[in-house]
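The values are calculated or read from the model by the stated rules, or taken from the named source; none is laboratory data. Remember, predicted model here, so these are calculated numbers, not experimental data. No Cβ is skipped: glycine too gets one built from the backbone with ideal geometry, and neighbour counts run over all protein chains shown. Heavy atoms of the whole protein, side chains included, go into the accessibility calculation; ligands, DNA and RNA do not. Shrake-Rupley method; radii C 1.70, N 1.55, O 1.52, S 1.80 Å.
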Amino acid sequence: MTSPERFAALWGSLSPIGRAGDDGGYVRHSWTDTDLVCREWFVEEALDRDLEVEIDRNGNLWAWWGEPEQEEAVVTGSHLDSVPHGGAFDGPLGVVSGLLAVDRLRERGVKPSRPVAVVVFTEEEGARFGVPCLGSRLMTGAFDPAKALRLRDRDGIWLADAIGRAGLDPDRLGPDPERLARIGAFIELHVEQGRALDHLNAPVGVASGIWPHGRYRFDFTGEGNHAGTTRMSDRHDPMLTLAHTVLATDEAARTHGAHATVGRVEAAPNATNAIATRASAWLDARAADGETLQKLVDAILQRAEQRARVDGTHVTMATESHSGEVGFTGDVSKLAALELRAPVLPTGAGHDAGVLSGHVDTAMLFVRNPTGISHAPQESASDVDCSIGVEKLTDLLARLCR
């Protein structure tokens, strides 16, 4: 068995990297110095296990046990990047568990007839360049590489420059059909982003599917003016329209039985004593099916436009990313549900497994999170549950790679 102490030892070698501030949260944004240290950690751990390491054309890291060129590979892994001041487990748990699962396969004497790989996908959170699951989207052809090269972070740094400084050729970004064709199965282990397993008193669960979701940018324009001399009746304040849109977002989500969040806003000139000239807000919207998601977003935009007419402002909306509904219904997911005898549950969070599911037989495992909190420092999982997750992952990989 993978002991809790054994899990904690490997986990402890990664956990100090990128911890920021007194809240215990993490800042591991893709292609920053911190992210590069995380990637170096992965490479060193893979080489210590005599795995063959490579980086693909989109910056995803692969550690191979067996011949990478052989078809029907069995792949596991996740990501190492984080949201701003995020939790420790979202992403890294799947990477650490993948490495430990390779250890356990060897200890069990498994002689794989198919190659096994642990992968680290890049920019899964989209926290730096705004597009989630960018590494897997580029690999599968779900995102235009030319558009990717035009992505900039909040400091104005182009994605092309960021990956160029890390030694990658920006001109090679894009679909990787040959690599994709060599993958026979992909299993992503992830911390649960909710408390369903805690309520069921189960350490591990199996994903049934992922809600469709998207990210949308709302731009509000108005008339800048002096905060102290402009009469309230004479104002055309885009921040006011934005505020009403946030309230409409909450109302629409509850009405449609969906989830919608405005978690980021920007204003210009962003001065205390000035009425804003423009303001922007980013909407994260999720629903149980695509039709409900579209109705939700349409309702929010309609309310924003209605309020803009009242305020004498203008609003536009642009879709920055969209992921359709994912159902894990293939043989691997069925095998996981049958063999692991674990609860089956859906998730509203997006994952690289969801992107790959349209191309590869895919499954997801969840490890219990007692707090139910994710994307925040309070995200948690016990060493005991994590070690059980490693064993369950090993069981599944062993069945698939023989």
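Extension gain for residue 22-residue 265 works out to 85.1 nm (0.36 nm per residue, less the C-alpha to C-alpha distance). Summary of the geometry: segment 185-259 and segment 263-293, compared by the centres of their Cα atoms, lie 9 Å apart. Accessible surface calculations at 1.4 Å, restricted to protein heavy atoms, place segment 144-198 at 49 Å² per residue. Among the trypsin sites (Lys or Arg not before Pro) found in segment 1-85, those both in a DSSP coil and sparsely packed, with 16 or fewer other Cβ atoms within 10 Å of their Cβ, are 49.
Relative to the dominant Cα principal axis of the chain, helix 331-340 is inclined by about 70°. Remark: the residue 310-residue 195 segment gains 37.2 nm on full extension, using 0.36 nm per residue and subtracting the alpha carbon distance. Taken over the C-alpha atoms, segment 277-402 has Rg and Dmax values of 20.1, 66 angstrom. Here the relative contact order of segment 1-156, from alpha carbon pairs under 8 Å that lie six or more residues apart, stands at 24 percent.
Please compute the contact order of segment 1-53 in relative form: average sequence separation of alpha-carbon pairs under 8 Å and at least six residues apart, divided by the residue count, as a percent. Answer for segment 1-53 is 21 percent.
Averaging the sequence gap over all C-alpha pairs within less than 8 Å and six or more residues apart, then dividing by the number of residues, gives the chain a relative contact order of 23 percent. Note on segment 261-332: with neighbouring protein chains present and a 1.4 Å probe, carbon and sulfur make up 45 percent of its accessible heavy-atom surface.
Angle of helix 238-255 to the longest C-alpha principal axis of the chain, folded into 0 to 90 degrees and rounded to 10: 50°. Qualifying trypsin sites (Lys or Arg not before Pro) in segment 229-270, where qualification requires a DSSP coil assignment and no more than 10 other C-beta atoms within 10 Å, comprise 231.
Expressed to the nearest 5 percent, the antiparallel share of DSSP beta bridges inside the chain is 70 percent.
In a DSSP loop and with at most 15 other Cβ atoms within 10 Å, the trypsin sites (Lys or Arg not before Pro) in segment 70-133 are 108. With respect to the chain, whose longest principal axis is taken over its alpha-carbon atoms, helix 4-14 is tilted by about 50°.
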